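Data block below; observations after.
The values are calculated or read from the model by the stated rules, or taken from the named source; none is laboratory data. The shown structure was predicted, so the numbers you read here are calculated from the model rather than taken from an experiment. Note: ideal-geometry Cβ built from the backbone for every residue, glycine included; neighbour counts use all protein chains shown.
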Amino acid sequence: EPEVTQTPSHQVTQMGQEVILRCVPISNHLYFYWYRQILGQKVEFLVSFYNNEISEKSEIFDDQFSVERPDGSNFTLKIRSTKLEDSAMYFCASSALGTGVTEAFFGQGTRLTVV
Amino acid sequence: TQLLEQSPQFLSIQEGENLTVYCNSSSVFSSLQWYRQEPGEGPVLLVTVVTGGEVKKLKRLTFQFGDARKDSSLHITAAQPGDTGLYLCAGAYSSASKIIFGSGTRLSIRP
């Protein structure tokens, strides 16, 4: 069964460092998302991406964040200068457009710890 | 603010009992999804409902979308310990929009 894969599963970084979280969406999907979940809290929308550009972003997705689809398979989230409060689970998701219904399938997540 | 409120937040019941969890909003959604999330893992899609009044069944789980497409419910019949987990509802405003999540119902089924 097709699935969204994320790497790494865990990332520990020092405050102020840059991190790149990687995702391989389901192959025929065209719409991609990043979400985050701080421990014990709800899943929060960060950004959606379609046709090589950002479709929508939340207030959380400030200038420290960027997304990229560097090739035909990967979708990345970069945090330029990490802060302690960026510590969270980050989930990538993808959706097949054209069905008329948004159904997002999520990866297993990357646990980011900023120390 | 776009909000999806789930109730109850926590529910602990005995194996074999029935239960219903609710997902409510003041907004109309084009579709609503139910996910289940295990600790340390990503949300897993259970079902999507699209039409007002729609009912979908997944074994012992019954999902209903409200007539006005603002709310939904998940009913579990004869709950089993394997049903234990965090159940999340999530709504989309259009076919190409973000999905917003509720805060979840943490379900515990005691043997």
Practice task
Filter region A:94-115 for residues that are among the aliphatic types (A, V, I, L, M), surrounded by fewer than 18 Cβ atoms within 10 Å (Cβ to Cβ) and at pLDDT 95 or above and give the result.
Solution key: A:Val115
Completion exercise
With criteria (1) in contact with a His (Cβ under 8 Å, 6 or more places away or on another chain); (2) under 23 Å from B:Ser103 (Cα atoms), A:Ala96 comes up short on (2)
Fill in the blank from the handout: For A:Glu44, the lone unmet condition from (1) free of Cβ contacts under 8 Å to residues at least 24 places away in the same chain; (2) over 26 Å from B:Pro39 (Cα atoms) is (2)
Exercise for the section: Would you mind stating whether A:Ser94 is in a strand (DSSP E or B) and under 20 Å from B:Tyr93 (Cβ atoms)? Expected result: yes
Handout entry: Elements of type strands (runs of 3 or more DSSP E) in region B:1-100, at least 2 residues being within 14 Å of chain A (Cβ to nearest Cβ) and aromatic (Phe, Trp, Tyr)
Key = B:31-37, B:61-65
Handout entry: Residue tally, condition more than 7 Å from chain B (Cβ to nearest Cβ) and surrounded by fewer than 19 Cβ atoms within 10 Å (Cβ to Cβ), over region A:31-47
Key = 5
Exercise for the section: Inspect region A:57-79 for any residue being under 19 Å from B:Leu4 (Cα atoms), without any contact (Cβ under 8 Å) to a residue 12 or more places away in the chain and surrounded by 13 or more Cβ atoms within 10 Å (Cβ to Cβ) and give the result as yes or no. Expected result: yes
Completion exercise
Going through (1) surrounded by 13 or more Cβ atoms within 10 Å (Cβ to Cβ); (2) more than 8 Å from every other protein chain (Cβ to nearest Cβ); (3) of a type in the set (Ser, Thr, Tyr); (4) under 27 Å from B:Tyr93 (Cα atoms) one by one, A:Thr7 fails only at (4)
Completion exercise
Only unsatisfied item for A:Thr82, checking (1) within 14 Å of chain B (Cβ to nearest Cβ); (2) surrounded by 15 or more Cβ atoms within 10 Å (Cβ to Cβ); (3) assigned to a loop (DSSP other than H, G, I, E, B), is (1)
Practice task
Please specify each residue of region A:48-63 satisfying the condition of being assigned to a strand (DSSP E or B) and either away from chain B (no Cβ under 11 Å) or not small (Gly, Ala, Ser) (or both).
Solution key: A:Phe49, A:Tyr50, A:Glu53, A:Ile54, A:Glu56, A:Lys57
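Conditions (1) touching a residue at least 40 places away in the same chain (Cβ under 8 Å); (2) surrounded by 20 or more Cβ atoms within 10 Å (Cβ to Cβ); (3) farther than 21 Å from B:Leu11 by Cα, marked per residue:
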residue: B:Thr48; (1), (2), (3): no, yes, yes
residue: B:Ala78; (1), (2), (3): yes, no, no
residue: B:Gly91; (1), (2), (3): yes, yes, yes
residue: B:Ser95; (1), (2), (3): yes, no, yes
residue: B:Ile99; (1), (2), (3): yes, yes, yes
residue: B:Ser103; (1), (2), (3): yes, no, no
residue: B:Ser108; (1), (2), (3): yes, no, no
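Looking only at residues that are of a type in the set (Val, Ile, Thr) and over 21 Å from A:Thr113 (Cβ atoms) in region A:15-30, which one is farthest from the other protein chains (Cβ to nearest Cβ)?
Keep residues of region A:15-30 that are of a type in the set (Val, Ile, Thr), which gives A:19-20, A:24, A:26.
Next, from what is left, pick out any that are over 21 Å from A:Thr113 (Cβ atoms): A:24, A:26.
Working: A:Val24: 14, A:Ile26: 12 Å.
This residue is A:Val24.
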